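Peer 1: Take this structure, written in structure tokens, and hold onto it; I'll ask about it next.
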Amino acid sequence: MIGYLPGRSAVHRAHPYTPLALAVGIFLLAFAFRTPGAVWLVVVAALAFAAMGGVLGAVLRPAALLAIPTWVLLSVLHGLLGGPPHVALGPLLFSVPGGERALVFGGRVTAILLAFLTVLATVSPGRLVEAMTARGVPFGRVYLLVSTLTVVPRLRVRVRQIVDAQQCRGLRLGGSPLARLRALGPLVVPLVLSALAEVDEQALALDVRGGSMAGGRTALDPPEDRAPDRAVRWVMLLAVVAAYAARFLGRGP
Amino acid sequence: MSALPRFDGCSYRYPGADRPALAGITFEVGRGEVVAVGGEVGAGSSTLLLVAGGYAPRLLGGALEGTRACAAMRPAIVFATPWTQLTGLYQTVRGEVAFGPASFGWPRERVLAHAREALAQVGAAHLAGRDPATLSGGELQRVIVAGALAMEPDLLLLDDPAAELDPAGADTLYALLARLAATGVTVLVATPDLDRVARVASRAVRLDAGRIVGDGPPTEVLA
């Protein structure tokens, strides 16, 4: 999986709300469109978003790891169980409308994964905290959102530590599938228990440092929200409104 | 002298615990005192700090009996495990240390000045631009202490604050406690480092199974 990757791209330098708005916009557009061509155009937009952020290479692998099994599952379900007309694929009959549905659903999943992985890779948690603090968002909500963005890298570090510790104590991770399955227990149990303990300790640590205090926090380095940022967010909002308006008027792709 | 804090027949039990972690505690601490809290592991030293600062039972749950009063306006606490006290939200030590004072809504310049000063007090000014995730244990401990100091506390509660520090770092920290006390900050420090704490503490309290079994000059109580 992926965490924040420092960089100097336009997406990195943008106000943090801008990449978040783009990702939410891509999510909404993916569901506004109903034809494979239109949905995969949204996938192309998501790829362009990742490329603009300079993180295309970094997001493609985790996106593929998550999306490919989904494509396979959707193809099997809709292709083999879908209605007529069918095309012959060797001994199997593949449903054409089912295949189109699989393309639409698979495209939506792919676009959403690419967009949100790009947000994870390009939005600095610290800048997002500052941006939300400057807008007067209560710290509880700031923490909820930002800790969600940082949970993957933190868990990755923890998993590495637990794997190292358990291997030092003689745990073997290789071998047969059954042996690998058995090795999961000594890894997952400490991971879950330590994560739960840390949540408790961190909640206490944040609270004693005023995290739950009522009243406005001071933003120290709020990122500048420039006119191009606002323009991009407005364009995305208008695109989403237009797409849904066309859909409900029966004219959308 | 206003008490910071005062316990009168105070007992505290953690949620689900079958025996109290503190039992029948009666003592008070005055402004500007440095009080060492000692005892075996499990004696209740850390719990005493949590109750003194008002964090237990408010944040931890459990049941408090007796009277606990505290005139402190701004308590701050440092736990024994610095790595669990990072917010995880900032890529710089400066942001991390400024988190506490920023909670008070102070003007930006005041928050940053306090963060700078606190880092300098613990000899960690050079770490201001570093990513907290890359710090060593000793560096992190100093940063966490700085985070507490930046809140301008009038009651400072320290749980084994030198556990991750080298001897020179520990000396610096304990010398700082004496200077803070001279400015009116009350300090309660739970530590097994009896030699160092005895040099700066004006008084010591010894606990055993949650009860006070000694209260007086550090050289006598902690011996």
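The values are calculated or read from the model by the stated rules, or taken from the named source; none is laboratory data. No experiment lies behind these values; they were computed from the predicted model shown. A quick note on method: Cβ atoms are made from the backbone with ideal geometry, for glycine too, and the neighbour counts reach across all protein chains shown.
Peer 1: Looking for something part of a helix (DSSP H, G or I) and either acidic (Asp, Glu) or in contact (Cβ under 8 Å) with a residue 40 or more places away in the chain (or both) - is there at least one such residue anywhere in segment B:148-158?
Peer 2: yes
Peer 1: Something else now. Test A:Pro97 against the criterion of being farther than 19 Å from B:Leu86 by Cβ and in a loop (DSSP other than H, G, I, E, B), and give yes or no.
Peer 2: no
Peer 1: Go through B:Gly39, B:Gly30, B:Gly62 for me and flag whichever is crowded, with 21+ Cβ neighbours inside 10 Å and out of contact with any Gly (no Cβ under 8 Å at 6 or more places or on another chain).
Peer 2: Only one candidate qualifies: B:Gly39.
Peer 1: What's the total number of residues in segment B:38-55 that are modelled with pLDDT under 90 and either closer than 13 Å to B:Ala80 by Cα or of a type outside the set (Gly, Ala, Ser) (or both)?
Peer 2: Selection size over segment B:38-55: 3.
Peer 1: I've got another one for you. A:Val119 - would you say it is at pLDDT below 90, assigned to a helix (DSSP H, G or I) and either surrounded by fewer than 15 Cβ atoms within 10 Å (Cβ to Cβ) or not small (Gly, Ala, Ser) (or both)?
Peer 2: Criteria not met by A:Val119.
Peer 1: Out of (1) assigned to a strand (DSSP E or B); (2) within 14 Å of another protein chain (Cβ to nearest Cβ); (3) among the hydrophobic types (A, V, I, L, M, F, W, C), what's the single condition that is false for B:Cys10?
Peer 2: (2)
Peer 1: Which residue, of A:Leu77, A:Leu47, A:Leu29, is in a helix (DSSP H, G or I) and surrounded by fewer than 17 Cβ atoms within 10 Å (Cβ to Cβ)?
Peer 2: One residue alone meets the criteria, A:Leu77.
Peer 1: Here is a follow-up. Go through segment A:223-253 residue by residue and tally those that are on the phi < 0 side of the Ramachandran plot and assigned to a loop (DSSP other than H, G, I, E, B).
Peer 2: Here the count works out to 8.
Peer 1: Among the residues of segment B:65-103, which ones are more than 20 Å from the chain's Cα centre (by Cα), at pLDDT below 90 and either surrounded by 23 or more Cβ atoms within 10 Å (Cβ to Cβ) or part of a loop (DSSP other than H, G, I, E, B) (or both)?
Peer 2: Those that are more than 20 Å from the chain's Cα centre (by Cα), at pLDDT below 90 and either surrounded by 23 or more Cβ atoms within 10 Å (Cβ to Cβ) or part of a loop (DSSP other than H, G, I, E, B) (or both): B:Gly88, B:Leu89, B:Tyr90, B:Gln91.
Peer 1: Continuing with this model, one more query. Please work out which residue is surrounded by the fewest Cβ atoms within 10 Å (Cβ to Cβ), limiting yourself to segment A:170-199 and to residues that are touching a residue at least 12 places away in the same chain (Cβ under 8 Å) and farther than 20 Å from B:Trp83 by Cβ.
Peer 2: The qualifying residue surrounded by the fewest Cβ atoms within 10 Å (Cβ to Cβ) is A:Leu171.
Peer 1: May I pose another question? May I ask you to list the residues in segment A:122-132 that are surrounded by 23 or more Cβ atoms within 10 Å (Cβ to Cβ) and hydroxyl-bearing (Ser, Thr, Tyr)?
Peer 2: Correct list: A:Thr122 only.
Peer 1: Moving on to the next point. Only residues that are more than 17 Å from A:Phe105 (Cα to Cα) and hydroxyl-bearing (Ser, Thr, Tyr): list them for segment A:1-56, please.
Peer 2: Of everything in segment A:1-56, those that are more than 17 Å from A:Phe105 (Cα to Cα) and hydroxyl-bearing (Ser, Thr, Tyr) turn out to be A:Tyr4, A:Ser9, A:Tyr17, A:Thr18.
Peer 1: Give the residue that is nearest to the other protein chains (Cβ to nearest Cβ), with candidates limited to residues of segment B:132-157 that are closer than 19 Å to B:Ala190 by Cβ and β-branched (Val, Ile, Thr).
Peer 2: Only one residue tops the list, namely B:Ile144.
Peer 1: Follow-up question, since we're still on this one. Restricting to segment B:53-85, count the residues that are farther than 19 Å from B:Glu152 by Cβ and within 8 Å of chain A (Cβ to nearest Cβ).
Peer 2: Here the count works out to 5.
Peer 1: Output the number of the condition that A:Ile112 fails; it satisfies all remaining conditions of (1) surrounded by fewer than 19 Cβ atoms within 10 Å (Cβ to Cβ); (2) closer than 21 Å to A:Ile2 by Cβ.
Peer 2: Status for A:Ile112: all satisfied but (1).
Peer 1: Filter segment A:32-44 for residues that are loosely packed, with under 15 Cβ neighbours inside 10 Å and either touching a Pro at 6+ places or on another chain (Cβ under 7 Å) or touching a residue at least 12 places away in the same chain (Cβ under 8 Å) (or both) and give the result.
Peer 2: Once the filter is applied, which keeps residues that are loosely packed, with under 15 Cβ neighbours inside 10 Å and either touching a Pro at 6+ places or on another chain (Cβ under 7 Å) or touching a residue at least 12 places away in the same chain (Cβ under 8 Å) (or both), segment A:32-44 yields A:Arg34, A:Thr35, A:Gly37.
Peer 1: Right, here's the next one. Out of everything in segment A:206-228 that is within 7 Å of another protein chain (Cβ to nearest Cβ) and out of contact with any helix residue (DSSP H, G or I) (no Cβ under 6 Å at 6 or more places or on another chain), what residue ends up being surrounded by the most Cβ atoms within 10 Å (Cβ to Cβ)?
Peer 2: So, considering only residues that are within 7 Å of another protein chain (Cβ to nearest Cβ) and out of contact with any helix residue (DSSP H, G or I) (no Cβ under 6 Å at 6 or more places or on another chain), the one surrounded by the most Cβ atoms within 10 Å (Cβ to Cβ) is A:Val208.
Peer 1: Now, a different point. Looking at the structure I just gave you, is B:Val145 touching a residue at least 40 places away in the same chain (Cβ under 8 Å), in a helix (DSSP H, G or I) and either among the hydroxyl-bearing types (Ser, Thr, Tyr) or within 27 Å of A:Ala214 (Cβ to Cβ) (or both)?
Peer 2: Taking the combined requirement at face value, the residue satisfies it.
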